[in-house]
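The values are calculated or read from the model by the stated rules, or taken from the named source; none is laboratory data. Given the structure is predicted, the values throughout are model-derived calculations rather than measurements. Neighbour counts are summed over all protein chains in view; Cβ atoms, including those assigned to glycine, are modelled from backbone coordinates with ideal geometry. For accessibility, only protein heavy atoms count, side chains too; no ligands or nucleic acids. Shrake-Rupley method; radii C 1.70, N 1.55, O 1.52, S 1.80 Å.
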Amino acid sequence: MSAVDIIKDLKARKFKPIYLLQGEEPFYIDQIVDYMEEHILSDGEKGFNQTVLYGKDTDMATILNAAKRYPMMSDYQLIIVKEAQDLKWIKEGEGNKEAEFVLNYFEKPLPTTILVFAYKYGNFDKRKKIYKAINSSGLVFQSDPVRDYKLMPWIEDYIKEKGYRIAPQAAALMAEYLGTDLSKIANEVEKLCLNIHKDTLIEPDHIQKNIGISKEYNVFELQKALAGRNILKCNQIINYFANNPKANPMVMVMANLNSYFTKILKYHYLVNKADAAKELGVSPYFIKDYEQAARTFSLPKMFDVISLMREYDLKSKGLESTGNTTDGDLMKEMLFKILH
C-alpha cells in the first residue's frame, strides 16, 4: 500500500489499530504522520486523546500502558511514536514476560487506539514475532528511496499534484542537482510554487532564479557538452566551476562525472539497448544523450577516461602530489585529457 492509499483510507476514516511506518526514505513517513497528527482527531479531541512520544525518551511499557487506555469523549485515541528506530524494542525469548506482554498487545490491539511507530532510516527485523504480529493485526508501510532513474518522473508527478507543470529539462536539472532526498526536493518545489503562477510552465530559468542552479553552467550541461564533444562549451563550464568553487566543489563534480562515464561504459556492454534506461538507472528522456556519448567515447577511450577519473580523484583528495595546483586547475587539466 502506498502513502497515497494510506492517506486516502485515513480521509475515509478507515483506521488500523497499529501502523509501522518504516524505511530508508523519511519523506513518506513524515507525510503520513503529519496527516495523522493534523486530521485524525478534531482540535477538541486532541487535548485528551492525542499523544506524541519520541523513541529515545520513552519505553515500550509506557507506550502500551497509554495504548490500553480508552479515549475520552472521542471514538479514538491517537499515539504517535516518532523516531521509533531509537526505541529500545523488547528482546524476544522464551520466558520473557515483558516480551509476552508486548506481543499480546500487538496480536490483540485495542480497536479504539491508533498506535503509530515512525521507524525511519531503516527496517524492522521481519523475523521478529512483533513484526509479524503488527503485520497481521495492523499495517506495515515500506518507504524505500526513489531510484535515480525514477527521480525525474517523481519530480514531474509531484509538481503535477501541486497543480503545476514542469519542462523535462527543468525536472532533469532538479534531479541532477538535488539528488534523491525527497524532503529537500519537496522544499524546493514549495519555493517554486510560491513564486510561479500555476499557468506558467516551469522552465530551467525558473530553477536558476528560485533554487540557485545555473541553467547554463552545471554538471548536467557539462555532460551534454562532453557527449557532443563541444570543447568550447566544456571549457566555459569548467572555467565557471573553477571560478565558483563553493557552488561547484570538485568532489561533487567528480562524483557526477564518475557516475556519468560509468553509465556510458555500461551502455557499451548492453546487449539489449531497448532496456538501457532501466539498466543504467536513468530516465528514458536521457537515453539519446547516452547513445551520443557512446559514439563520442569509444570503448577503448572509455577505459582511458575511467583511468583519468581515478587519477584526478586521488589528486583532488591530496593523495598524489600536485604542488600548488588548485581544484580548478585539476578540473581543467583532466577535462583537456578527456577530450583529447
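Of all accessible surface on segment 191-340 at a 1.4 Å probe, what whole percent is carbon and sulfur? For segment 191-340, the apolar C and S fraction of the accessible surface comes to 51 percent.
Distance between the C-alpha centers of segment 192-221 and segment 30-44? Whole Å please. If we compute the Cα centre of each part, the gap is 33 Å. Taking only protein heavy atoms and a 1.4 Å probe, the accessible area of segment 1-68 is 48% carbon and sulfur.
Within the shell defined by Cβ-Cβ distances under 15 Å, the residues around ALA84 carry a net charge of -3, with Lys and Arg each +1 and Asp and Glu each -1.
Considering only ASN244, LEU308, ALA276, the residue lying farthest towards the positive end of the dipole of segment 218-340 is ALA276, judged by Cα position with unit charges set on Cβ. For segment 285-340 and segment 111-156, what is the centre-to-centre distance using only Cα atoms, to the nearest Å? First find each Cα centre; the distance between them is then 40 Å. In the chain, the calculated helix contribution to ellipticity at 222 nm averages -17500 deg cm²/dmol per residue, counting -39,500 (n - 2.57) for every DSSP H run with n ≥ 4.
Under a model in which nothing but the beta-carbon of Lys, Arg (+1) and Asp, Glu (-1) is charged, the chain shows a dipole of about 560 debye around its Cα centre. With contacts taken as Cα pairs under 8 Å at a separation of at least 6 residues, segment 264-323 carries a relative contact order of 32 percent. Relative contact order of the chain, taken over Cα pairs closer than 8 Å and 6 or more residues apart, is 16 percent.
Charge tally around LYS108: other residues with Cβ under 15 Å, Lys/Arg +1 each, Asp/Glu -1 each, net +2.
Among 169-176, 273-280, sorting by the average number of other beta carbon atoms lying within 10 angstrom of each residue, highest first, gives 169-176, 273-280. Note on segment 10-88: along the principal axes its Cα atoms extend 35, 28, 19 Å, ordered by decreasing extent. Remark on segment 1-139: ratio of C-alpha radius of gyration to 2.2 N^0.38 Å is 1.00.
Label sites at LEU201 and ALA277, each approximated as a point 7 angstrom past Cα along Cα to Cβ, lie 1.9 nm apart.
By the rule of a C-alpha distance below 29 Å, with chain neighbours fewer than 8 residues away ignored, the lysines paired with LYS97 are LYS16, LYS56, LYS68, LYS82, LYS88, LYS108, LYS120, LYS126, LYS128, LYS129, LYS132. Take the Cα of THR112, go 7 Å toward its beta carbon, and the backbone nitrogen atoms of segment 73-87 under 13 Å from that spot belong to 73-78.
What's the whole-number percent of alpha carbon pairs in segment 263-340 lying beyond 18 angstrom?
I get 51 percent for the Cα pairs in segment 263-340 exceeding 18 Å.
When DSSP beta bridges are restricted to pairs lying wholly in the chain, around 5% turn out antiparallel. Under the criterion of Cα pairs below 8 Å and six or more residues apart, the relative contact order for segment 152-198 equals 42 percent. Neighbours of ILE159 by Cβ distance under 11 Å: Lys/Arg scored +1, Asp/Glu scored -1, total -1. Divide the volume of the convex hull around the Cα atoms of the chain by the residue count and you get 195 Å³ per residue. Here is the list for segment 222-261: trypsin sites (Lys or Arg not before Pro) lying in DSSP coil, each with at most 15 other C-beta atoms within 10 angstrom of its C-beta, are ARG229, LYS246. Whole-percent P(r), segment 103-203, all Cα pairs, 5 Å bins from 0: 2, 11, 18, 15, 10, 9, 10, 11, 8, 5, 1, 0. With q set to 0.12, 0.13, 0.18, 0.23 Å⁻¹, the log10 of I(q)/I(0) for segment 194-277, from the Debye formula over equal scatterers at the Cα positions, is -0.49, -0.57, -0.89, -1.09.
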